[in-house]
Amino acid sequence: MLLTGIHSSEALALVDGVDATQALAAPGVVGCITAADIPGINTVMKAPLLADGKVEYVGQLIGLIAATSQTAADRAATLVIVKYKQHPSRTPIITIDQAIASDSFYEIDSPLLAAVGVKRQSEHNISQTSWQRVTLPSRADCVSNDSTTAWHHANRPNAEIDDIDKIIAAAPLQIKGATYRLPSQQHMYMETQTAVAEPQEDGCLKVTSATQSLDAVQQAVAAVLRLPFHKITVVAKRVGGGFGGKASRPMPVAAAAALAAAHFGAPVCYSLNRNVDL
């Protein structure tokens, strides 16, 4: 089966109902999945896998349509009617300045570290990421024939960085009193986020994911399906472009595919098109 997502058309709104009647009657459609169908935890990367009761941004995943072809799934998703109500608590936060003014921040945490922490809690305490100041290598270190010394100076921990005022004063070019706002960026890997989930014997599941982080995908699937790690096998044949974009973002895609495979008891492929992926 093939999957297509049902995505929110509103930002910061309450979901007043999801009517998939027309979609379920469409040719080739097998079924529809919402947050109510999740047997485990509806959370991946500290965010809902499927929106439950409210949406926070346009494009947020509300549900999944499974069909016998991608075309049938895509067409059926457009037939789903989602009713919204205005969110009573606050207005949407769109810019960095609005987030600062509202004291609205994300916690500095890595879903990849969290995945490792689940498996190695007894060996390492990595619940918090600590940042250390390091000494920058001098020009003499960089050109030294003693590569070991140069590496030591560049990597030794708990050392103080050089006086930043002196560094700025010695810079040949200085820009003062200017503000540069970095525009948003998107990963543009060759292959979009893709996962195939296949039920196995004894309640096990095989997930083939285009991921750089197999442990993280396994953790996400286990949490959503409420299964132990040993029942989930994650395979990555190859990754069509990565550079970070295939590190944590495959987690919700693989979890959605696994959810559908477990729900319908059949192999499922969930491959985002380019517009949805971006």
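Please identify the chymotrypsin sites (Phe, Trp or Tyr not before Pro) of the stretch 209-278 that satisfy two criteria: DSSP loop assignment and at most 14 other Cβ atoms within 10 Å. Which are they?
Of the chymotrypsin sites (Phe, Trp or Tyr not before Pro), the ones in loops of the stretch 209-278 whose Cβ has at most 14 other Cβ atoms within 10 Å are Phe243.
Amide H neighbours of Gly59 under 5 Å, counting only residues 5+ apart in sequence or on other chains, H built in-plane at 1.01 Å?
Under 5 Å from the amide H of Gly59 lie the amide H atoms of Ser8, Ser9, Glu10, each far enough along the sequence or on another chain.
For the stretch 203-278, which whole percent of the accessible surface, found with a 1.4 angstrom probe, sits on carbon and sulfur atoms?
54
Along the Cα→Cβ direction, 7 angstrom out, place labels at Tyr180 and Asp16. What is the inter-label distance in nm?
4.7
Taking amide H atoms as placed 1.01 Å from N in the peptide plane, list the residues 5 or more away in sequence, or in a different chain, whose amide H sits under 5 Å from that of Ala247.
Close amide H contacts, sequence-distant or interchain: Gln212.
Largest first, how would Leu214, Leu12 line up by accessible area (1.4 Å probe)?
Leu214, Leu12
Whole-Hz ³J(HN,Hα) for each residue in the stretch 263-272, computed from phi via Karplus 6.51 cos²θ - 1.76 cosθ + 1.60 with θ = phi - 60°, x for glycine and proline: what do you get?
3J(HN,Hα) across the stretch 263-272, in whole Hz: 5, 9, x, 8, x, 9, 10, 10, 10, 6.
Given the pairs Lys46/Lys176; Lys176/Lys246; Lys54/Lys246; Lys166/Lys246, which span a C-alpha to C-alpha distance of over 31 angstrom in this model?
From the list (Lys46/Lys176; Lys176/Lys246; Lys54/Lys246; Lys166/Lys246), the Cα-Cα distance tops 31 Å for Lys46/Lys176; Lys176/Lys246; Lys166/Lys246.
Convert each backbone phi in the stretch 36-43 into a coupling constant with the Karplus relation 6.51 cos²θ - 1.76 cosθ + 1.60 (shift: θ = phi - 60°), then list the ³J(HN,Hα) values in order as whole Hz, x for Gly and Pro.
Result, ordered by residue: 5, 8, 7, x, x, 9, 8, 8 Hz.
If you average the C-alpha positions of the stretch 1-64 and of the stretch 168-188 separately, how far apart do those two centres end up, in angstrom?
40
Read phi for every residue in the stretch 169-179 and hand back ³J(HN,Hα) as whole Hz from Karplus 6.51 cos²θ - 1.76 cosθ + 1.60, θ = phi - 60°, with x for Gly and Pro.
Per residue, the Karplus-derived 3J(HN,Hα) values read 4, 8, 5, x, 9, 10, 10, 10, x, 10, 10 Hz.
Mind checking the stretch 177-246 for trypsin sites (Lys or Arg not before Pro) that DSSP puts in a loop (not H, G, I, E or B) and that have at most 14 other Cβ atoms within 10 Å?
Taking the stretch 177-246 and a limit of 14 other Cβ atoms within 10 Å, the loop trypsin sites (Lys or Arg not before Pro) found are Arg181, Arg226, Lys237, Arg238.
The values are calculated or read from the model by the stated rules, or taken from the named source; none is laboratory data. Model, not experiment: these values are computed from the prediction. For neighbour counting, all protein chains shown are included, and Cβ atoms are generated from backbone atoms with ideal geometry for every residue, glycine included. Note: accessible area is taken over every heavy atom of the protein model, side chains too, but ligands, DNA and RNA are not part of it. Shrake-Rupley method; radii C 1.70, N 1.55, O 1.52, S 1.80 Å.
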